[in-house]
């Protein structure tokens, strides 16, 4: 098949004009830097502006979801692999911490020692799953990964001798770094955002590196990528593994924060939510993933009175974004370039 | 031995249900190479539509046989139309605008539709289970010590009828021919004068309609329907379609029956096989595991060959 | 190569700077309203910290429960019971001269939300909290409420809730140990069942209660032929039931909720199995009977509460509740009772102070519509609590008898 691009369907009307305006605004460097600056200041100062721990907790939740979105973005946005079972890696990262730092097995490793394991275990699972599965076509891959996510959750729930089953594992050790206790929400907030920052830097570098471009090639046209000599299978595995490691980090942060893990936190619904975040924000775009996460973490808090309608809203969001503005709210520069070219090419005909 | 026979019977009925749902998946996939995520929810919605319609008939559902049959037919028609229309709406609003975009966009879009459908039904009809009338007189047949209820017999027989009807439709009618043509080669079909858009709409009507009818049968069999019934059944039915050979109608049937049998036998004998380590609660893992194995080792499925075309 | 080294060095510098800055900022103490000198994992509640001393204004009591989502019906009913009593008290002028204000929060029965809600309620200055309602959503909140010395009254029946070493939590109904254990003995002694097959839904409640049933049943002399798990959301249980049929037990015990319970009992009878069927409190009420239909006839259900017409107080409560909310309660009586307990404790201490209420609840005996209440040291109901056995007759739960703990 010829190279396909996600294009905005041609249309007129207020929606497309808003589209265009958004695109133009995001294009002006001054606007972007100003926005970034304000955002950064807000992020750092949040705990002091917040009147209560509640807001800081919301901030921590947002940070964890940002890490998840960044990770899923690598798999879906950069490499174009539809992974619907991403939540499994998140669960694995969290349960690793629960196994190694709680009364459950009586093992109490220090946090910095568990962290690399929380990163590696999901990555290893990602590779193991990927080896047979990443050869499959998009939709098959989607179902299989969905199945994998469910399998992990079912095992976590049913293997109670190991995982304590549906009761989950409680009383996880508080996070302690060389004597410094992350025992208050404020301290934990900064811990989380340290990793968010790390994640952003890592992804930016990845995106611009050779491997990032190779992923882009696979996303655009896998056959052509193979034809120019790229080892698509190995590249896809690496994307999967990287995405899984991000989820692992999010997992250990989540476990340390909540102090408790149980299978019901890791349902297919979670995968859907993370998906919504990157779809809304813009697949393949870092600011997009961040924006999407923040919006979809704040919205349920703001919309608590109509919480029943939340998932309905998410579903509509997916459909609307994909049919009206598939590049999301804040598409990556690369995508915008592609789209502008595609648009102009289209208009010339 | 009687236990085994009973398990086989249960499995056969379960498999028939899976097969019916799988038909809808396989038709859409054969035509568009799109896994219609929303199909499971269309199956569920059909059951609700039917329940809504026949609740107007009240006592007739439990009355004399003739009345019962009448109500049952109404239920099937209502479900077929309801799911069919929803399928058409899905095609129009969630698929057609992005028909030419990369597949990932369409997949996410129908994923969104499935979530919308599920939650819409939940908000409209409520979270609690709804009672669904049997529509078939209660009663059992005894074959040895194997108990088969009338409903079970009906499901097996009616499923066979539907599958045969679908096969005949696809093979012997003009409509069927146009579907096969578009599945074979869309541009060539267009050049031959086939209205491709209409064909796609047709498939998005028939597939979901069959799903809706399966939803009514589900309600009759289990006596209850609930807004989450589409999710797991949907994935299992898709597994069935893939195992049998996606795009192939016989494949969907074969896959469905196989999955039903494997699941029943597996659930029943899993503790025995694994020495008590794994129990009935791992049953769903069975289905997923089979899916992964088939896709990895024989992605065309059992009856597949020309992957992804609606074929006989 | 050189560029890469420089870039990494720059990166490391930025990271280090950020770390130093954030630690410095955090150490200067920012934004916390309640701080803890966090003890190591899993110890008893930390030292008493800032509790809301009696403000001049209203006394604040928190409610945490599912008001939307899957548990909404239960949560709303419970809250209705709470409000019925507290509205009455406020109409009479409040407690100790202060009115009571209820801070209601929706936790969706989900630990992710209940912990956020817990923080919110602590920040709002409540002196007692009613809820959360499920064990899964209660356990993670224990240290939040515990650290703030807020009395926590919950119906969460999993024994783990009171086994964590906290002293601020109180359970207002018998726990799973009591329910499962009590019924295990009951089935052997009173119903004469010698063998039982157990099915549970692998969830916190269902598994907990069926494990206790098994322990007690076997201790009394019975034999459990098999333990089988199901997954909630499944509809077809014929496979596992057929297997159980081949074991020919005297009874089947199901630990789980009404949706699966109804389907199981239906398919059980469809398969021609005539065993005694016993289910715990989650199957009490019309839902189970609705889903199971005629097959539920004769099924035994255990429940933590007596029939609502068995005492004059309960009859009055039933009338008031029905008049106020247009429907009969199914868990509202527990909400009402938990509100009663808090108010009675307030009257005893005279001070609107979390620590004082906790103290009072531990040391007193209180009269409620569900009878007299005392609490053990860990917060469990004094003496374990009575379990009430019902049997479905003519499409309704008919009261059989009370099963008193040994």
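The values are calculated or read from the model by the stated rules, or taken from the named source; none is laboratory data. Model, not experiment: these values are computed from the prediction. Quick reminder, even Gly has a Cβ in these numbers, built from the backbone with ideal geometry, and neighbours come from all protein chains shown.
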Scanning segment B:94-121 residue by residue, the ones that are more than 20 Å from the chain's Cα centre (by Cα), closer than 21 Å to residue B:202 by Cα and facing chain A (nearest Cβ under 7 Å) total 5
Taking segment A:301-321 and keeping residues within 30 Å of residue A:204 (Cβ to Cβ) and within 14 Å of chain B (Cβ to nearest Cβ) leaves A:314, A:317, A:318, A:320, A:321
> Is it the case that segment B:225-234 has a residue that's buried (at least 24 other Cβ atoms within 10 Å of the Cβ), within 14 Å of another protein chain (Cβ to nearest Cβ), within 13 Å of the chain's Cα centre (by Cα) and at pLDDT 90 or above?
Replying inline: yes
The residue that is nearest to the other protein chains (Cβ to nearest Cβ), considering only those in segment C:88-112 that are surrounded by fewer than 22 Cβ atoms within 10 Å (Cβ to Cβ), assigned to a helix (DSSP H, G or I) and in contact with a strand residue (DSSP E or B) (Cβ under 9 Å, 6 or more places away or on another chain), is C:90
The condition of being away from chain C (no Cβ under 14 Å), surrounded by 24 or more Cβ atoms within 10 Å (Cβ to Cβ) and in a helix (DSSP H, G or I) holds, among B:268, B:255, only for B:255
Could we say that residue C:227 is over 13 Å from the mean Cα position of the chain (by Cα), within 14 Å of another protein chain (Cβ to nearest Cβ) and at pLDDT 95 or above here? no
| said: I'd like to know if segment C:132-155 contains one or more residues that are crowded, with 24+ Cβ neighbours inside 10 Å, at pLDDT below 90 and outside any helix (DSSP H, G or I). | reply: yes
When (1) touching a strand residue (DSSP E or B) at 6+ places or on another chain (Cβ under 8 Å); (2) at pLDDT 90 or above; (3) within 29 Å of residue C:155 (Cα to Cα) are applied to residue C:292, the one that fails is (1)
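crowded, with 19+ Cβ neighbours inside 10 Å, farther than 27 Å from residue C:140 by Cβ, touching a residue at least 24 places away in the same chain (Cβ under 8 Å) and at the interface with another protein chain (Cβ under 7 Å from one of its Cβ atoms): is that true of residue C:252 in this structure?
No; evaluated as a whole, the condition is false for this residue.
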Here the residues within segment C:376-390 that are over 16 Å from the mean Cα position of the chain (by Cα) and crowded, with 20+ Cβ neighbours inside 10 Å are C:388, C:389, C:390
Of the candidates C:217, C:213, the one satisfying the condition of being more than 27 Å from residue C:74 (Cβ to Cβ), crowded, with 24+ Cβ neighbours inside 10 Å and over 15 Å from the mean Cα position of the chain (by Cα) is C:217
For segment A:45-60, the count of residues that are more than 7 Å from chain C (Cβ to nearest Cβ) and within 16 Å of residue A:296 (Cα to Cα) equals 4
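This table checks each residue for (1) assigned to a loop (DSSP other than H, G, I, E, B); (2) surrounded by fewer than 24 Cβ atoms within 10 Å (Cβ to Cβ); (3) modelled with pLDDT under 90; (4) not assigned by TED's automatic domain parsing to the domain that holds residue C:279.
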| site | (1), (2), (3), (4) |
| --- | --- |
| C:164 | yes, yes, yes, yes |
| C:170 | no, no, no, yes |
| C:181 | no, no, yes, no |
| C:184 | no, no, no, no |
| C:187 | no, no, no, no |
| C:191 | yes, yes, no, no |
| C:199 | no, no, no, no |
| C:205 | no, no, yes, no |
| C:208 | no, no, yes, no |
Those residues of segment A:165-194 that are under 17 Å from residue A:48 (Cβ atoms), in contact with a strand residue (DSSP E or B) (Cβ under 9 Å, 6 or more places away or on another chain) and more than 7 Å from chain C (Cβ to nearest Cβ) come to a total of 1
Given (1) more than 20 Å from the chain's Cα centre (by Cα); (2) surrounded by 24 or more Cβ atoms within 10 Å (Cβ to Cβ); (3) not in a helix (DSSP H, G or I), residue B:246 misses just (1)
- Item | Test: residue A:235 is part of a helix (DSSP H, G or I) and surrounded by 14 or more Cβ atoms within 10 Å (Cβ to Cβ) | yes
Exactly one of C:265, C:235 is under 21 Å from residue C:209 (Cβ atoms) and in contact with a helix residue (DSSP H, G or I) (Cβ under 6 Å, 6 or more places away or on another chain), and that residue is C:265
request  = Please tell me if residue C:398 is in contact with a strand residue (DSSP E or B) (Cβ under 6 Å, 6 or more places away or on another chain) and over 22 Å from residue C:163 (Cβ atoms).
outcome  = yes
- request: Might you check whether a residue that is crowded, with 24+ Cβ neighbours inside 10 Å, touching a strand residue (DSSP E or B) at 6+ places or on another chain (Cβ under 8 Å), within 14 Å of chain C (Cβ to nearest Cβ) and in contact (Cβ under 8 Å) with a residue 12 or more places away in the chain occurs anywhere in segment A:263-283?
  value: no
For segment B:106-129 the number of residues that are over 17 Å from residue B:42 (Cβ atoms) and crowded, with 24+ Cβ neighbours inside 10 Å is 1
